[in-house]
Amino acid sequence: MLNPCDPAFVATLAARLPEGTFATPDAAHLSEPRGRWHGIAGTLAKPRSTAEVATIVRACGEAFVGIVPWGGGTGLVGGQVMTDGPAPLLLSLERMTALRGAWADENALVVEAGMILSDVQAEAAKLGRLFPLTLASEGSARIGGNLATNAGGVHVLRYGNARDLCLGLEAVLPDGTIWNGLTRLRKDNAGYDLRHLMIGSEGTLGVITAASLRLFPVPASRVVAMLAVPSPDAALRLLSLASSRVPGMVSGFELMHRTGFDFLAETLPDLHAPFDPVPEWLVLVELGLAAGMEAEATMAALYEEASDAGLVTDGVIATSDAQAAALWRLREAIPEANRLIGAVSSHDISLPLSAVPDFILAAPAALARIDRFRINCFGHLGDGNLHYNVFPERGRNRKDHDPQRDAVKTCIHDIVHGLGGSVAAEHGVGRLKTADLVRYADPAKLAAMRAIKQALDPLGIMNPGAVLAP
């Protein structure tokens, strides 16, 4: 049983660290973006170095005090808030934002875990390089949290998840040991890869303090288009066509349903769709092209071929960076509109690509057996990741459906699992989906996860209650 992070413990720990390391958590540190959970914490620790992180973690182990790592607070599954039990120590790396090294010719960058994602992107740009992890929350999310949750974003199709963008890590393990794995090597088969164990562990196996990141050449040109498609199946065939015509150059491929644009009109009326009326299904396509390729002409040729094949019915091709940004803004604003409407249940799911149309066809009929809802389906079709969100009909609010929330979630997740998908695509498990992990995970995997947790964190101090239910 863990002990609370009480004033006596904080006073003892403060004597071992520089003045100003501790503060009282404010509301932002104890909440999450959807407002469903409100956390507790005995104190907020803001160390300035890896050594200070190690001191804090070691002391918490000695005193049996839980630690909740806190990045930018943008997680959507409650991994950054502990709502009950003995008050933990909240550990923020917001002061650890240094650039430790940059190697343009190696396409590598080493940064501390508290650096904000948009600042990582800016450091890469100074080298004439691209760090392609792109999220709506990139102005506040921190790279350590991105790695701890294996964040995805809109460019996974081309560049991969956060896991694929990391060469090495520095981390403090649950006993306070500092693991220095900040390699820039592309090949290193010297035993188990602790980097991949730590990435995606959501702070339950240690605290990431720095990372060695992969950079990429900036595409010579870029073009963005919003295209109307007859169906999700047509969208998948369009993706296949685009991947064949410009292999390796499809940077983004987002599927959007008309409901998302209805929500934008209802909540963010300054944003205007480029179609009137808005088609039922749309895709947002971004191509990042090699030197010598004419951007608009390449997209126009793709559109023409897709139109001849019956895969698109209308489209808008951006002819400037401002127009491209405006099209992306529509896609990026959909989660904000969802929040303003208020979902009954939100689902971050992934499916085998060929199963996506089957899921989209099956889910509404299954939900209709529970009640009448509005559904906003959108997401990163290129990697099979959908955000399938269920909302009350007009005139009702999500509280009207509180008794049905679990039934809605189980309904959707059962369909996803039956189609060979995952109920935790890019947001992770956190505290929201611990029961889902037990319900859907392979038993051998779950047993191995518990064995790893016990081996590395036998006291259970690291992010108690996240990922693995007690």
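The values are calculated or read from the model by the stated rules, or taken from the named source; none is laboratory data. These numbers come from a predicted model, not from an experiment. Note: ideal-geometry Cβ built from the backbone for every residue, glycine included; neighbour counts use all protein chains shown. When the accessible area is computed, the model is the full protein with side chains, heavy atoms only, and any ligands, DNA or RNA have been set aside. Shrake-Rupley method; radii C 1.70, N 1.55, O 1.52, S 1.80 Å.
Here are the numbers:
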| read-out | value |
| --- | --- |
| Residue selected from segment 7-26 under the condition part of a loop (DSSP other than H, G, I, E, B) and within 22 Å of Ala98 (Cβ to Cβ), by the criterion least open to solvent (accessible area, probe 1.4 Å) | Thr21 |
| Segment 193-209, subset free of Cβ contacts under 8 Å to residues at least 60 places away in the same chain and more than 15 Å from His427 (Cβ to Cβ), residue least open to solvent (accessible area, probe 1.4 Å) | Met198 |
| Any strands (runs of 3 or more DSSP E) falling wholly within segment 157-263 and containing at least 2 residues that are more than 30 Å from Gln454 (Cβ to Cβ) and in contact with a strand residue (DSSP E or B) (Cβ under 7 Å, 6 or more places away or on another chain) | 207-214, 221-229, 250-257 |
| Selection from segment 306-348 of residues that are in a strand (DSSP E or B) and touching a Phe, Trp or Tyr at 6+ places or on another chain (Cβ under 6 Å) | Gly315, His347 |
| Residue count, segment 420-470 (criterion: β-branched (Val, Ile, Thr) and over 24 Å from Asn3 (Cα atoms)) | 3 |
| Criterion: hydrophobic (A, V, I, L, M, F, W, C), under 18 Å from Asp26 (Cβ atoms) and open to solvent by 20 Å² or more (accessible area, probe 1.4 Å) - qualifying residue of Ala87, Ala98 | Ala87 |
| Residue match in segment 27-36 (condition: open to solvent by less than 10 Å² (accessible area, probe 1.4 Å), in contact (Cβ under 8 Å) with a residue 60 or more places away in the chain and of a type outside the set (A, V, I, L, M, F, W, C)) | no |
| Number of the exception - Gly66 against (1) under 30 Å from Lys409 (Cβ atoms); (2) at pLDDT 95 or above; (3) in contact with a Phe, Trp or Tyr (Cβ under 8 Å, 6 or more places away or on another chain) | (3) |
| Residue count, segment 412-470 (criterion: among the hydroxyl-bearing types (Ser, Thr, Tyr) and either under 14 Å from Gly79 (Cα atoms) or not in a helix (DSSP H, G or I) (or both)) | 2 |
